[in-house]
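First the structure, in the form of structure tokens, and then the observations on it.
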């Protein structure tokens, strides 16, 4: 018997495989994570690299049955990346409260709700904020180099 | 009561008709511009057109002035978020939501939604009640005129209201077999109290049924 045990890969669930979720799924697969992707439309999975560690499920991420089929019980992280803020919020709360997943990240476009849901332990990522921060960072770096 | 309804379905019209607009102050938030304008014109109800999951839209509708928020959308996630924002951010006293997926009812309740309405569950409860009644009628020899099964609904003026089963002077060969209350069926015992709206299944000999029914009138 080998004394070396292979550490099982972390299990990540990504809900929503659109413009935002698709690259996340691709990147996680490339980094050898065990990935389960959920989307309402199976066409969204077209182009995702084939991997032993990747599972695609066509279904509604707000449905407990779909989440359980995706292995939410015991998952290491869930990323709610659909194009609907309300859906991302509901999934995040459900996964956090009902299935006790420690790391839950939700994509949120409307920043007015960020405070409400951050208080509930959901980590919120806003593409708008990320873009604004990156712009400001670039601007201040350019300013430091005397380019502006 | 001040009621804010969030809905984009034409079914809203039937709800507004049922609610007495003189007794309640009703407002509507809808993504459906055509429906919103029609309701505003026909019923004189203030309408805000927009996405109610957006706090700016809720504020435009003056959500903090309402006692009850009703969300009747087809998207469970939107219904939940609106109810949560109403309670957590604007301190609305009560919320009620249409929950399309019955598996989500418990989750909605845990997150502060006071009343959950699920069409599938309503229909299932009707089928359940009907199958119980059907089961009783199949099990008992109702073709034999000696034993009769009847259902009695306890009205506001029923003589047995607030009385316990043991206090009701049942005749011999008659009994209250089952009570339907708040969507649930149970077998009553001596200390079960009769309440208004209870649907009681009475089993009695044919010649005792009429006298038994009068006890509940």
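Readers should treat all values here as calculations from the given coordinates under stated rules, not as data from a laboratory. As the structure is a prediction and not an experimental result, all values here were calculated from the model. Glycine gets a Cβ as well: all are built from the backbone with ideal geometry, and neighbour counts include every protein chain shown.
With no solvent and one point per C-alpha, what does the Debye sum give as log10 I(q)/I(0) for region B:2-118 at q = 0.10, 0.13 Å⁻¹?
Values, matching the q order: -0.25, -0.43.
For labels at residue B:163 and residue A:112 in the simple 7 Å Cα→Cβ model, what's the distance in nm?
The modelled label-to-label distance comes out at 5.8 nm.
Go ahead and run the numbers for FRET between residue B:93 and residue B:17, Cβ-Cβ distance against an R0 of 25 Å, rounding to 0.05. Intermediate results must be reported in sequence, preceding the final value.
On the way: r = 25 Å, r/R0 = 0.98.
For residue B:93 and residue B:17, the calculated efficiency is 0.55.
Need one number: convex hull volume per residue for chain A, Cα atoms only, in Å³.
Per residue, the Cα convex hull of chain A comes to 170 Å³.
So if I take the alpha carbon set of region B:67-127, get Rg, then get Rh from the Kirkwood formula, what is the Rg over Rh ratio?
Expressed as Rg/Rh, it is 0.98.
What is the Cα centroid distance between region B:60-131 and region B:144-217, reported in whole angstrom?
So the two Cα centres are separated by 34 Å.
Would you mind checking the tilt of helix B:206-216 against the longest principal axis of the Cα atoms of chain B, expressed as 0 to 90 degrees and rounded to 10?
Value to nearest ten degrees: 40.
Report the FRET efficiency, 1/(1 + (r/R0)^6), for residue B:2 and residue B:193, where r is their Cβ-Cβ distance and R0 is 41 Å, rounded to 0.05.
For R0 = 41 Å, the calculated efficiency reads 0.75.
Compute the separation of the alpha-carbon centres of region A:103-148 and region A:22-98 and state it in Å as a whole number.
Here the two parts' Cα centres lie 23 Å apart.
So what is log10(I(q)/I(0)) for the protein assembly as shown at q = 0.08, 0.12 1/Å, when the Debye sum runs over its Cα atoms only?
-0.62, -1.00
For region B:159-208, take N as its residue count and report Rg(C-alpha) divided by 2.2 N^0.38 Å.
Output field value: 1.11.
Write down the Å³ per residue value for the convex hull defined by the alpha carbon atoms of chain B. Don't skip to the end; give the middle numbers.
Details: hull volume 34.0 nm³, N = 217.
Looking at chain B, the number lands at 157 Å³ per residue.
Just want the ordering: A:24, A:73, from fewest to most Cβ atoms lying within 10 Å of their own Cβ.
Least to most surrounded, the residues fall as A:73, A:24.
So, in nm, how far is label residue A:83 from label residue A:100 when the simple model puts each one 7 Å beyond its Cα toward the Cβ?
Once both label points are built, they end up 3.7 nm from each other.
Roughly what angle does helix A:127-144 make with the longest principal axis of chain A, taking Cα atoms, 0 to 90 degrees, to the nearest 10?
Roughly 40 degrees, rounded to the nearest 10.
Tell me, A:19, A:11, B:115 in order of fewest to most beta-carbon neighbours within 10 Å?
Ordered from fewest to most neighbouring Cβ atoms within 10 Å, A:19, A:11, B:115 come out as A:19, B:115, A:11.
Go ahead and run the numbers for FRET between residue A:130 and residue B:185, Cβ-Cβ distance against an R0 of 45 Å, rounding to 0.05.
So, using R0 = 45 Å, E works out to roughly 0.25.
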